Structures are given as structure tokens and as C-alpha cells.
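Visitor: Structure provided below as C-alpha cells; questions to follow.
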Amino acid sequence: METTVKDILFSSAKIGGFEIKNRIVMAPMTRSRAINSIPGENVATYYAQRASAGLIITEGTAPSANGIGYARTPGIFTKEQIESWKRVTKAVHNKGGKIVVQLMHVGRIAHPANMLPGARIVAPSAVASKGEMWTDTLGMQPMPQPSELTAEEIKQTIAEFAQAAKNAIEAGFDGVELHGANGYLIEQFINPTANKRTDAYGGSAENRSRFLIETTKAVIAAIGKDKVGVRLSPYNTFNDLELYPETAETYKYLAEELNKLDILYLHLIDVLANASEEGRSLVSTIRNTFKNTLILAGGYDKASAEQALEEGRGDLVSFGRFFISNPDLPERFRKDAPLAEGNQQLFYAAGDEGYTDYTSLN
Ligand SMILES: Cc1cc2nc3c(=O)[nH]c(=O)nc-3n(C[C@H](O)[C@H](O)[C@H](O)COP(=O)(O)O)c2cc1C
């Protein structure tokens, strides 16, 4: 079948064991509506409204109590959370959509006021993030110094990811995405400015990648390689990470290893890399190294997404902010209809306003 430049975004694609109806992916977005870490009825409504995306990736969802750091963010480690997610997957599937859950462990990006009783702030090293974060009870707060994970605790944390992946399948998700981007636990291991370890999990590119690779292997063993995606953000400095000279070497290694593991997809935030010659070369190396589906992300619009797909730089493109205020984004792209502007004040607010009240064209 011939695909023209004009309809490439709207062409179906086979990824792993399933088919998606277009190449427009809804990017993972924390929306802070999960009271007591449980996604309510409005969360199901929100995702169902966006089921015309080829694939939905949910907001970051914690695999364990230690993985929650922000206010009103969900988990997938208790019976009640799993039951509540079933409502979400059912609502999306009923509308013909596909949905994977993003497993996000925040690591050091956390405050106790946002955490469940007994949870601890853990990270590869006892290096605090210099930022502040919102808490519902105390307002803005500095983030405390995390405890360094012991070797035994690393094993436990990996096991929690594997169990959360099983829970995700029980909840009806089509797969999981491991959040290895944006400065959360997995990237805290990858980046040497947050990872000061001298054991097998710190130092060389291989060692800093070990936590992600072992987690990916454990999740594959739990649910199968065709249900596991990974998100990465080379050159990211968000959440108090610094740039480091071994970036290209590190991500080249990761692309090789993830390719060997034959996972469902790699979700690459390429916007930061694309700002430099070295980064652009890395993005192209990753594209050539990783043979399965590559999702591109970060600042795309319809025209730049079409161009990226046409040039073969990726297979799918994810859109974040556009999906907040345009639940029927694929339809709007198809018709070249105007896009609604989202209210940033309500991105992370509690309640339905600025959440489920954006309308579709029809
Ligand atoms: C409100 C909001 C919440 C976000 N939460 C997450 C998240 O939970 N996990 C994640 O990987 N990225 C998160 N992101 C980043 C988006 O997935 C995406 O990479 C970013 O918005 C850039 O894409 P865009 O230009 O299409 O919006 C978030 C972005 C926004 C705007």
C-alpha cells in the first residue's frame, strides 16, 4: 500500500502483537487527579475522550509506594488501584483505543507530604535534587536528600516493577512503558551527576545502564517482550540533572541493549538532542540501532511530525500538550482544524475543570 506524505500520520501500524489505527500517540502526562493514588471515574472519562489516538500512554504511574513523589499521582501496586485502572482500560478499549501504562518511579523527586505512610525517598545516591515541589498540605517544599539504595533494595525495586507490570496486564493494559526519561529514578541511574555509585550500578555507561536493563529484563520475564516499551531523554537536564560528556556513548549502548531485548518500542524525546550536531548524530544512531518501533516526542506539530515520519526518522510521533486541550487531536489534524489552547493553570489541578471539559469538534 502506498503512503503519501499527506496521510502518513493517519496510516495504521503494526507494533508488536497489535495494530494501531494511526501513528498519533498520546504522550504520558501527569494530571494529578488521582486522589489517594487511585484513578477515579473522571480519569476513565479523560482517557476515553482521547481514544482516537493510535496509542495512549498514561500518566506516570508508580510501581510501588516509594515510587510516588507528587501530589495526587496514581499507583498500580494495590488491589484498589488495579480495580480502578480496569475502569480506564475498559473505557478506552470500548472506544477502539489502545492503552499502555507508564511505570514511573520518581526516585529522589519526591516529598514525604505527597507519599503514603511508610514510603521512603530512595535514589541511586544520596544526592538531593535542588528543586522544590508542590505539596497539597505544605505548599512548595524543598526535596529532601534521598537514601542511597542498597544492592538488596535495588533487587526489590526491580521486582516491584515486574509485579506492577503483571498488575498492569491484570488491569487490562495493552502493555507498559518504563519511564527512563525526565530525571526520575531510571534516569537518575543513567546520569552520572545523580549516580555516584562505585558498585556495578555506577561508573561506566554499562554500569549506569544496568538498572534499566535489569528492570526491562525483569518486566519482560513478567509479561513478555512484546508488551514492554521504554522512554528515554538524552541530554535532559530537567529535575536537576547536568549534561555529561558520556551521553552519546551511554545512549548508544542503551539502544544496542534494548534492541537485543527486542522490546515493543523505544519512545525517544529527541527535542533536546536535536539542538546539537552531536545529539542529532546520536538520534540517527539510535534509529539505526534499534530495529523495532521508534516513537519520537517533544515539541512536534502536524507538519514536523509528518516530515519526521516521511524521512523515516521514526515510526510514530507522540503529542503531549495538544492532547490536553484537543481530545480529538487526530480528527483535528486530519481536517486541519484549529487547535484549542490548554489552560496551564489546570494541568495539575484537582477536579474536572481543565481536564474532562475540553470538547471535540463533533
Ligand atoms: C502536564 C504534563 C505532564 C507530563 N507528565 C509526564 C509524565 O508523567 N511522564 C512523562 O514521561 N512525561 C510527561 N510529560 C512530558 C510529555 O510526555 C511530553 O514529552 C512533553 O509535553 C513534550 O511534548 P509536547 O511538546 O508534545 O507537549 C508531561 C508533560 C506535561 C505538559
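The values are calculated or read from the model by the stated rules, or taken from the named source; none is laboratory data. From a predicted model like this one, the values you see are computed outputs, not experimental measurements. Glycine gets a Cβ as well: all are built from the backbone with ideal geometry, and neighbour counts include every protein chain shown. Side chains are part of the model used for accessible areas, which takes the heavy atoms of the whole protein and leaves out ligands, DNA and RNA. Shrake-Rupley method; radii C 1.70, N 1.55, O 1.52, S 1.80 Å.
Visitor: Scan region 221-229 and tell me whether some residue there is within 16 Å of the ligand (Cβ to nearest atom) and either closer than 13 Å to G107 by Cβ or more than 18 Å from the chain's Cα centre (by Cα) (or both).
Guide: No, the conditions are met nowhere in region 221-229.
Visitor: Answer yes if at least one residue in region 225-245 is closer than 30 Å to I99 by Cβ and of a type in the set (F, W, Y), and no otherwise.
Guide: Scanning region 225-245 turns up at least one residue that is closer than 30 Å to I99 by Cβ and of a type in the set (F, W, Y).
Visitor: To continue, here is another question. In region 315-362, what count of residues is obtained for those that are within 13 Å of the ligand (Cβ to nearest atom), in a loop (DSSP other than H, G, I, E, B) and either of a type in the set (A, V, I, L, M, F, W, C) or touching a residue at least 60 places away in the same chain (Cβ under 8 Å) (or both)?
Guide: The number of residues fulfilling the criteria is 6.
Visitor: Give region 258-280 a look and list any residue that's part of a helix (DSSP H, G or I), over 26 Å from G17 (Cα atoms) and open to solvent by 40 Å² or more (accessible area, probe 1.4 Å), or say none.
Guide: Across region 258-280, the qualifying residues are N274, A275, E277, E278, R280.
Visitor: Can I ask one more? Every residue in region 97-134 that is within 15 Å of the ligand (Cβ to nearest atom), open to solvent by less than 10 Å² (accessible area, probe 1.4 Å) and not in a loop (DSSP other than H, G, I, E, B), please.
Guide: I99, V100, V101, Q102, L103, M133
Visitor: Right, something else. For region 283-314, give me each residue that is more than 11 Å from the ligand (Cβ to nearest atom), of a type in the set (V, I, T) and either more than 17 Å from L272 (Cβ to Cβ) or in contact with a Leu (Cβ under 9 Å, 6 or more places away or on another chain) (or both).
Guide: V283, I286, T289, T293
Visitor: So, of the residues in region 8-30 that are assigned to a loop (DSSP other than H, G, I, E, B) and open to solvent by 30 Å² or more (accessible area, probe 1.4 Å), which turns out to be nearest to the ligand (Cβ to nearest atom)?
Guide: Within region 8-30, the match that is nearest to the ligand (Cβ to nearest atom) is T30.
Visitor: With the checklist (1) in contact (Cβ under 8 Å) with a residue 24 or more places away in the chain; (2) open to solvent by 50 Å² or more (accessible area, probe 1.4 Å); (3) closer than 24 Å to A126 by Cα in hand, flag the one item E170 doesn't pass.
Guide: (3)
Visitor: Now for a separate question. Assuming E249 fulfils every condition listed in (1) open to solvent by 40 Å² or more (accessible area, probe 1.4 Å); (2) touching a helix residue (DSSP H, G or I) at 6+ places or on another chain (Cβ under 6 Å); (3) more than 18 Å from P192 (Cβ to Cβ) apart from one, which condition is it?
Guide: Evaluating E249 over (1) open to solvent by 40 Å² or more (accessible area, probe 1.4 Å); (2) touching a helix residue (DSSP H, G or I) at 6+ places or on another chain (Cβ under 6 Å); (3) more than 18 Å from P192 (Cβ to Cβ) leaves (3) as the failure.
Visitor: Here is a list: A255, A221. Which entry is surrounded by fewer than 18 Cβ atoms within 10 Å (Cβ to Cβ) and outside any loop (DSSP other than H, G, I, E, B)?
Guide: Going through A255, A221 in turn, just one is surrounded by fewer than 18 Cβ atoms within 10 Å (Cβ to Cβ) and outside any loop (DSSP other than H, G, I, E, B): A221.
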